[in-house]
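A short write-up of the structure that comes next.
A short reminder: the numbers here are calculations on the coordinates, not readings from a lab. Treat the numbers as computed from the prediction; the structure is a model and nothing was measured. For neighbour counting, all protein chains shown are included, and Cβ atoms are generated from backbone atoms with ideal geometry for every residue, glycine included.
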Amino acid sequence: MGRLREFDEAKAIDGAVDCFWSRGYEATSVRDLAEHMGIGGASLYNAYGGKRALFVTALARYAERSMRERIARHEGNGQPKEAIRAFFAEIIERSLADRDRKGCLLVNSALDVAPHDAEIGKVVAGYLEEIRAFFQRNIEAGRRAGQMPRNLDAAGVSAHLLGVLMGIRVLARTRPDRALLESVARPALDLLDMPVKPRARRARS
């Protein structure tokens, strides 16, 4: 039977998330992690197997408490168009409130770590795909509800929205300006407000 971990694991992982998020993967040392997690270096290796494995665990923690929580909260309102708009509005607000300009850990990892580590790249891509799928589900729901055009390309527009979202996150780290970020989001969100054409009436024979 494995030895029980003699530390608060949730608190330790949160410390690792904060450390990776503020310093970046490459600049973070095992000593930095142990200090932020409140554990010894030996305990870190015994529990997580090292920095790389711990980073994957930290990404999972971040995704669950940030990205997935936000998706569930907005999708739970039952209004597909508003869910997407509210998601973007919250991202912009969080970006503007980010005084340290840390950005998004998933987006940062996609830029800094994924190109050099194929396995971590797949992990990050999986989380970003969850965001794209959230957009697509709500576009499809909006089409069914008659809120969006029936011929709106759900797959294509959802991919476009993901690209715009990532651009906002990156841009906000250098220019956290509300007017700028909202102007980047607006054309993409306007696609959701295209006029819904009425169904053509079938001619009577």
Single condition Pro176 does not satisfy, out of (1) in contact (Cβ under 8 Å) with a residue 60 or more places away in the chain; (2) in a loop (DSSP other than H, G, I, E, B); (3) closer than 22 Å to Ile71 by Cβ; (4) not β-branched (Val, Ile, Thr) | (3)
Look through the range 45-65, keep the residues that are free of Cβ contacts under 8 Å to residues at least 40 places away in the same chain and hydroxyl-bearing (Ser, Thr, Tyr), and return whichever of them is surrounded by the fewest Cβ atoms within 10 Å (Cβ to Cβ).
-> Tyr45
Look at the range 81-116 and say how many of its residues are over 30 Å from Pro195 (Cβ atoms) and without any contact (Cβ under 8 Å) to a residue 12 or more places away in the chain.
-> 6
Only listed residue being among the charged types (D, E, K, R) and farther than 16 Å from Ile84 by Cα, chosen from Arg101, Arg143 | Arg101
Any idea how many residues of the range 116-129 are in a helix (DSSP H, G or I) and either surrounded by 15 or more Cβ atoms within 10 Å (Cβ to Cβ) or in contact with a strand residue (DSSP E or B) (Cβ under 6 Å, 6 or more places away or on another chain) (or both)?
-> 6
If you go through Ile71, Ile92, Ile84, the only one that is touching a Lys or Arg at 6+ places or on another chain (Cβ under 8 Å), among the hydrophobic types (A, V, I, L, M, F, W, C) and closer than 23 Å to Ala125 by Cα is Ile92
Counting only residues that are under 15 Å from the mean Cα position of the chain (by Cα) and either exposed (fewer than 15 other Cβ atoms within 10 Å of the Cβ) or farther than 28 Å from Phe55 by Cβ (or both), how many does the range 86-101 have?
-> 4
Single unsatisfied condition, Gly156 versus (1) surrounded by 14 or more Cβ atoms within 10 Å (Cβ to Cβ); (2) of a type in the set (Gly, Ala, Ser); (3) out of contact with any Asp or Glu (no Cβ under 6 Å at 6 or more places or on another chain) = (1)
So how many residues does the range 141-173 have that are assigned to a helix (DSSP H, G or I), touching a residue at least 60 places away in the same chain (Cβ under 8 Å) and touching a Lys or Arg at 6+ places or on another chain (Cβ under 6 Å)?
-> 1
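So that you can scan it fast, the table gives a plain yes or no per residue for (1) in a helix (DSSP H, G or I); (2) closer than 30 Å to Pro149 by Cβ:
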position	(1), (2)
Ala16	yes, no
Asp32	yes, no
Glu35	yes, no
Ile39	no, no
Leu44	yes, no
Arg61	yes, no
Glu69	yes, no
Asn77	no, yes
Glu82	yes, yes
Is it true that His74 is crowded, with 16+ Cβ neighbours inside 10 Å, within 25 Å of the chain's Cα centre (by Cα) and more than 30 Å from Ala179 (Cβ to Cβ)?
-> no
